[in-house]
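> Below: one structure in structure tokens.
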Amino acid sequence: MNNDFYKIISNEKIAKDVYKMILGGDTSAITAPGQFINIKIDGFYLRRPISICDFDDKTITIIYKVVGQGTEELSRLPGGADLDILVGLGNGYDCSKSGDSPLLIGGGVGVPPLYNLCKTLISQGKKPTVVLGFNTMEEVFYEDEFKALGAKVFVTTVDGSHGVKGFVTGVFDEIEYTYFYTCGPMPMFRAVNEKAVTSGQFSFEERMGCGFGACMGCSCKTKNGYKRICKDGPVLEREEIIW
């Protein structure tokens, strides 16, 4: 984990209530796709945990949705501003279990951490299929970016305004896969758990207090006892979760 100030390179709206921010700074603490950062926003007591969409030697890309006053304030910050950020939090996805044809399933703002995961898997010679789920067409983002990586991409929308009408699980029968990785809301997780035919990993979205395991405020019940989403997660194995 690294705590430092990062400079906002850009902060732009890319879909309804959804923003993409690129930050410049030290990325050495990031060791796996699926980790997250915790941002201190002036005037707010708790930091905001946001998953890492992508990173390189000098920059971090995050995608976040405006859902309250904290993220609304974040969306107003201009390029050049500095942010106090904890970087390299959480365990991330384990790519070694993917098999040759992994399935990546993202729901809404659960989509971003799958981007670097997809890039990593492709660099390892894997052939991932990506399913992106949204409510409406105006909420869709990163469809083209995943396609540009070389992945096969399905998009579902609840109202049918773009892609396949319905939920992410509606296209599972069309896909052959060796393993799955997912991030999104709990109702989607329950549906994926019921429908998926392989082992997999779930990356949980939780409100957090500290972000590094001290407060026990973001615990999940597992077969091995309670695990802290921020420290022991956010990624948990399918077989260990008690639904």
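The values are calculated or read from the model by the stated rules, or taken from the named source; none is laboratory data. What you see is a predicted model, and the numbers here were worked out from it, not measured in a lab. Backbone-built Cβ (ideal geometry, glycine too); neighbour counts: all protein chains shown.
> Can you pull out every residue in the range 147-177 that is assigned to a loop (DSSP other than H, G, I, E, B) and on the phi < 0 side of the Ramachandran plot?
Those that are assigned to a loop (DSSP other than H, G, I, E, B) and on the phi < 0 side of the Ramachandran plot: 151, 158, 159, 161, 162, 167, 175, 176, 177.
> Further question on the same structure: Within the range 16-31, work out how many residues are crowded, with 17+ Cβ neighbours inside 10 Å and either touching a helix residue (DSSP H, G or I) at 6+ places or on another chain (Cβ under 8 Å) or assigned to a strand (DSSP E or B) (or both).
The qualifying residues number 6.
> In the range 120-154, what count of residues is obtained for those that are closer than 26 Å to residue 66 by Cα and either out of contact with any helix residue (DSSP H, G or I) (no Cβ under 8 Å at 6 or more places or on another chain) or charged (D, E, K, R) (or both)?
Step one: of the range 120-154, the residues closer than 26 Å to residue 66 by Cα are 130-147, 153-154.
If we keep only those that are either out of contact with any helix residue (DSSP H, G or I) (no Cβ under 8 Å at 6 or more places or on another chain) or charged (D, E, K, R) (or both) too, we end up with 136-141, 143-145, 147.
Count: 10.
Yes/no per residue for (1) surrounded by fewer than 21 Cβ atoms within 10 Å (Cβ to Cβ); (2) closer than 30 Å to residue 173 by Cβ; (3) in the same structural domain as residue 146 (by TED's automatic domain parsing):
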{"residue": "12", "(1), (2), (3)": "yes, no, no"}
{"residue": "52", "(1), (2), (3)": "no, no, no"}
{"residue": "63", "(1), (2), (3)": "no, yes, no"}
{"residue": "102", "(1), (2), (3)": "no, yes, yes"}
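> Only one residue in 85, 52, 39, 60 is closer than 16 Å to residue 12 by Cβ and either of a type in the set (Asp, Glu) or part of a strand (DSSP E or B) (or both). Which one? Spell out the reasoning first.
Working: 85 fails: closer than 16 Å to residue 12 by Cβ; 52 fails: closer than 16 Å to residue 12 by Cβ; 39 fails: closer than 16 Å to residue 12 by Cβ.
That would be 60, the only listed residue that is closer than 16 Å to residue 12 by Cβ and either of a type in the set (Asp, Glu) or part of a strand (DSSP E or B) (or both).
> Working carefully through the options 104, 132, find the one that is out of contact with any Leu (no Cβ under 7 Å at 6 or more places or on another chain) and at negative phi.
Numbers: 104 fails: out of contact with any Leu (no Cβ under 7 Å at 6 or more places or on another chain).
After applying the criteria, what remains is 132.
> Can you name every residue in the range 33-43 that is within 27 Å of residue 139 (Cα to Cα) and surrounded by fewer than 21 Cβ atoms within 10 Å (Cβ to Cβ)?
Taking the range 33-43 as the starting set, the residues that turn out to be within 27 Å of residue 139 (Cα to Cα) are 33-41.
40, 41 - these are the residues of the range 33-43 that are within 27 Å of residue 139 (Cα to Cα) and surrounded by fewer than 21 Cβ atoms within 10 Å (Cβ to Cβ).
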